[in-house]
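The values are calculated or read from the model by the stated rules, or taken from the named source; none is laboratory data. What you see is a predicted model, and the numbers here were worked out from it, not measured in a lab. As a convention, Cβ positions derive from the backbone with ideal geometry for all residues, glycine included, and neighbour counts pool all protein chains shown. With ligands, DNA and RNA removed, areas are computed over all heavy atoms of the protein, side chains included. Shrake-Rupley method; radii C 1.70, N 1.55, O 1.52, S 1.80 Å.
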Amino acid sequence: MNTFYDISKKFNNEVGIRINPLYSEVEINKYSSAGISSRLGVHLKDLINYDIDKIDGIHFHSLCEQNFKPLENTWNELKNSLAPLIPNIKWINLGGGHHITRKDYQLNELKYFLKQVSNETNCQIYIEPGEAVVLDSGILVGEILDFFKPSNPLSPNIAITDISATSHIPDVIEAPYRPALLNEPDNGHKIILGGPSCLAVDIIGEYNFTDIPKIGERVALLDQAHYTMVKTSFFNGVKLPSIAIWDSKTDNLEIVKSFSFKDFENRLS
């Protein structure tokens, strides 16, 4: 820490330390950054090994796409342990995972809580809404390239698209999760949407279709404006989607960025 401190202070930067509160209400363990084996943050009890006088702020992050109550519960678990440090620090960063733009989010409770914590600690309080800023915005549009019916009657029909879970939406495999499909009915023809790569796991998910999809038909996956673009890859040269801005008032569509195989080549040499 001393080396990092010396470098930071050379440029007049403040120094903070991330702690692991060892408390989380995230239901899926792989999403939790506050597990006992997490690499993200110093265990709270281990702060005794650090020179607290050199720390300007404390940061912790234990939420994942959650409402207000888990944040309040986390703070209640932490505040007594942090009390001896409070007089020495200027700010507290409560991390991300706050779904503040969701319709059911308890915004009034959050506002009151942030003011209360600021008054109690005399610290500047930060939160990182992150994903919530673009929640439910952006779509990923693809095209049906091929369609076939397996001979096994127990297997759903399969549609191959130019959307690759592996290259375009890796969270489908890593998380995993199932992206929402535009205008998907509650019931219908069960269709597995797969990507064009050679990986067996390049599967977007199983969806309902009112009619059997035809080759050339387009599909749109919703809520793709955050982790999609920043996690894409050119796996085996699979082309990345173009980035476009649509004006809902004028219906104007502007392509702002396109990719080619040359982009893939340039990343390899």
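Tabulated data
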quantity: Using alpha-carbon coordinates, inclination of helix 107-121 to the longest axis of the chain, degrees; calculated: 30
quantity: Long pairs among LYS190/LYS239; LYS69/LYS190; LYS54/LYS79; LYS54/LYS115; LYS30/LYS257, criterion Cα-Cα beyond 31 Å; calculated: LYS69/LYS190; LYS30/LYS257
quantity: Interchain or long-range residues, amide H under 5 Å from VAL219's placed H; calculated: GLY142, GLU143, ILE144
quantity: For the stretch 180-197, Karplus couplings with θ = phi - 60° (6.51, -1.76, 1.60), whole Hz, Gly/Pro x; calculated: 6, 9, 4, 6, 6, x, 5, 9, x, 6, 7, 10, 8, 9, x, x, x, 7
quantity: Estimated [θ] at 222 nm from DSSP helical runs (n ≥ 4, -39500 (n - 2.57)) normalised by residues in the chain, nearest 500; calculated: -6000 deg cm²/dmol
quantity: Loop sites in the stretch 12-62: trypsin sites (Lys or Arg not before Pro), DSSP, at most 16 other Cβ within 10 Å; calculated: ARG39
quantity: The stretch 180-231 and the stretch 28-60: distance between their alpha carbon centers, rounded to Å; calculated: 39
quantity: Hz values of 3J(HN,Hα) by residue in the stretch 34-47 - Karplus curve (6.51, -1.76, 1.60), Gly and Pro given as x; calculated: 10, x, 5, 9, 5, 7, 9, x, 7, 4, 3, 5, 7, 4
quantity: Shape call, the stretch 148-198: gyration tensor on alpha carbons, a/c limit 1.5; calculated: oblate
quantity: Amide hydrogen neighbours beyond the local backbone of ASN20, cut-off 5 Å, H modeled; calculated: VAL42, HIS43, LEU44
quantity: Estimated FRET transfer efficiency when R0 is 25 angstrom, pair ASP251-ILE212 (beta carbons, to 0.05); calculated: 0.30
quantity: Dipole of the stretch 163-269 [Lys/Arg +1, Asp/Glu -1 at C-beta], most positive-end residue of ILE192, ASN252, HIS168; calculated: HIS168
quantity: Carbon plus sulfur fraction of accessible area for the chain, probe 1.4 Å, in percent; calculated: 52
quantity: Restricting the stretch 1-80 to GluC sites (Glu not before Pro) in coil, as DSSP defines it, with at most 11 other Cβ within 10 Å; calculated: GLU27
quantity: Amide H within-cut-off set for LYS90, under 5 Å, with H built and near neighbours excluded; calculated: GLY57
quantity: In Hz, Karplus ³J(HN,Hα) per residue of the stretch 152-169 (6.51, -1.76, 1.60; θ = phi - 60°; x = Gly, Pro); calculated: 6, x, 7, 8, x, 5, 10, 10, 8, 10, 8, 8, 10, 4, 5, 8, 9, 9
